Amino acid sequence: MKNVAVLGATGSIGASALDVIARHPDRFRASVLGAHRRVEELAALCARFRPDLAIIADAALERSLREKLAAAGVPTRVASGSDALREAAAGPLCDTVVAAIVGAAGLESTLAGARAGKHVLLANKEAVVMAGALLLDALRSGGGRLVPIDSEHNAIFQCLPPEHRDLAACGVRRILLTASGGPFRGKRREELATITPQQACAHPNWVMGRKISVDSATLMNKGLEVIEAHWLFGAAPAQIDVVVHPQSIVHSMVEYADGSVLAQLGNPDMRTALAHALAWPERVDAGVAPLDMFKIGRLDFEAPDRATFRCLDLAYAALSAGGTAPTVLNAANEIAVAAFLEGTLPFLAIAEVIEETLTAVPAEPQTTLDALIYADLTARREAQRIMRRAFC
Ligand code: NAD
Ligand code: MG
């Protein structure tokens, strides 16, 4: 029986994880559930899954959660705050951590799970973008294993040999990250000036949280994934190519020295990656419909439009700059996307804010946790200042 901490339980990935867990009560148990502010939803999940511990990150809501659980006769213990998330990820109540908090808020619990030797199922790509080297160190020192949940990285993981330590030694030439192209694929820059949050969040193939939906629309999601692939698979930036594939059936590919290209295919449903990672190295039913090749009919591939969707190149540049640059990129993106979702920043200004923040906060080589947290805070302040001055 695997005891699973689902951190980010009320989100889109959290729901997919809990769906797979519920299908296999003989294998998996949701022992810890964590969420930010959605008390009602967290209480309902506790009533259904009966975890040992429920954590609400916003401490002001702890009492409300406690009262709701008591009223429903649910015996789950309650804790609050980011310290509680970190302690639970490292503590004895779980052996597996689904890192599904969105944004930098997930960094410390992800690191704590890795340091404690847990089986880390990583959806929280911002954590690896911010602190890739630290996460790898934590995994090494803890002796735990990371299986990626992000569909592209999960696909690459499946296409690589089991103990892939060194891409060159495995004969890997290139990683081909597929991208749907998002809701605005094929649009010209002028057509994007008046995009609303609702339009940006209407992804053609995937149903996801609002932040990652906007990231998909700007192609920053793919940029973050390039950085994620660099750290998770030890690939140099020049070894990672982005291929737009509008059907989202091929989740990514690995090209080998002999010319073979291995791909992982499936319907665009995150439960496949979650079932794979939860059961790994075994396979279990994910509740996902089988792939109907005749219905799909064709698979298309094209180059990304890097001039219109500038965030992709900003991410490559931050990866090449190294040090704190990816942390700054991620922080500026989080601030700009939040402002766009609030309706105070135009869609096209997201890339501008990120670019200006990268110029205003030069990369520092050191990547201790303190240095990264400082870079993250500095970049957030700088991005706010840039937005106030130029856009809001
Ligand atoms: P979401 O917005 O649906 O859910 C986010 C979850 O994080 C919620 O449970 C929320 O309560 C929690 N959370 C937010 N801020 C928090 C805080 N400060 N402290 C504690 N918890 C907090 O997002 P999502 O789409 O499920 O994405 C989650 C992560 O997975 C992101 O990093 C995203 O990039 C990644 N991811 C998502 C998908 C997808 O299909 N949704 C695919 C690949 C990767
Ligand atoms: Mg992805």
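The values are calculated or read from the model by the stated rules, or taken from the named source; none is laboratory data. For clarity, every value in this text was computed on a predicted model and none was experimentally measured. For neighbour counting, all protein chains shown are included, and Cβ atoms are generated from backbone atoms with ideal geometry for every residue, glycine included. What goes into the accessible areas is simple: the full protein's heavy atoms, side chains included, and nothing from ligands, DNA or RNA. Shrake-Rupley method; radii C 1.70, N 1.55, O 1.52, S 1.80 Å.
Annotations
- Ordering of 41-54, 253-266 by packing [mean C-beta count within 10 Å, highest first]: 41-54, 253-266
- Working note: Karplus 6.51/-1.76/1.60 with θ = phi - 60° gives the range 144-160 the couplings x, 10, 10, 10, x, 9, 3, 4, 5, 6, 5, 5, 4, 3, 6, 8, 9 Hz, where Gly and Pro are set to x.
- Residues whose placed amide H lies under 5 Å from that of residue 94, excluding near-sequence neighbours: none
- Taken about its Cα centre, the chain carries a charge dipole of roughly 680 debye when the Cβ of each Lys and Arg holds +1 and the Cβ of each Asp and Glu holds -1.
- Between the residues 360, 232, 340, the greatest Cα displacement towards the positive end of the dipole of the chain, with unit charges on the Cβ of Lys, Arg, Asp and Glu, is found for 340.
- Considering only alpha-carbon pairs that sit under 8 angstrom and 6 or more positions apart, the relative contact order computed for the range 2-148 is 21 percent.
- For residue 81, the residues 5 or more places off, or on other chains, whose built amide H falls under 5 Å of its own are 56, 57, 58, 59.
- Here the range 1-86 has 48 percent of its accessible surface on carbon and sulfur atoms, given a 1.4 Å probe and all protein chains in place.
- Magnitude of the charge dipole, the range 2-148, Cβ model with Lys/Arg +1 and Asp/Glu -1, debye to 20: 320 debye
- Amide H contacts of residue 146 (H built 1.01 Å from N, under 5 Å, at least 5 apart or other chain): 120
- Helical runs (DSSP H, four residues minimum) scored at -39500 (n - 2.57) apiece and divided by the length of the chain put the mean residue ellipticity at 222 nm at -14000 deg cm²/dmol.
- 3J(HN,Hα) couplings calculated from phi for the range 293-300 with the Karplus curve 6.51 cos²θ - 1.76 cosθ + 1.60 (θ = phi - 60°) are, in sequence order, 4, 6, 6, 5, x, 9, 10, 10 Hz; Gly and Pro show x.
- Centre separation in Å (Cα based) which lies between the range 177-241 and the range 88-143: 23 Å
- If both residues of a DSSP beta bridge must be in the chain, then about 25% of such bridges are antiparallel.
- Restricting the calculation to Cα atoms, the range 1-105 yields a radius of gyration followed by a Dmax of 12.2, 36 Å.
- Entry comment: accessible area of the range 2-148 is 38 Å² per residue, from protein heavy atoms only and a probe of 1.4 Å.
- Measuring nothing but protein heavy atoms, the accessible surface of the range 148-190 at 1.4 Å probe radius is 46 percent carbon and sulfur.
- Across the range 87-100, coupling constants 3J(HN,Hα) worked out from phi with the 6.51/-1.76/1.60 Karplus curve, θ = phi - 60°, read 5, 5, 4, 9, x, x, 6, 9, 10, 10, 10, 8, 8, 10 Hz, and Gly and Pro carry x.
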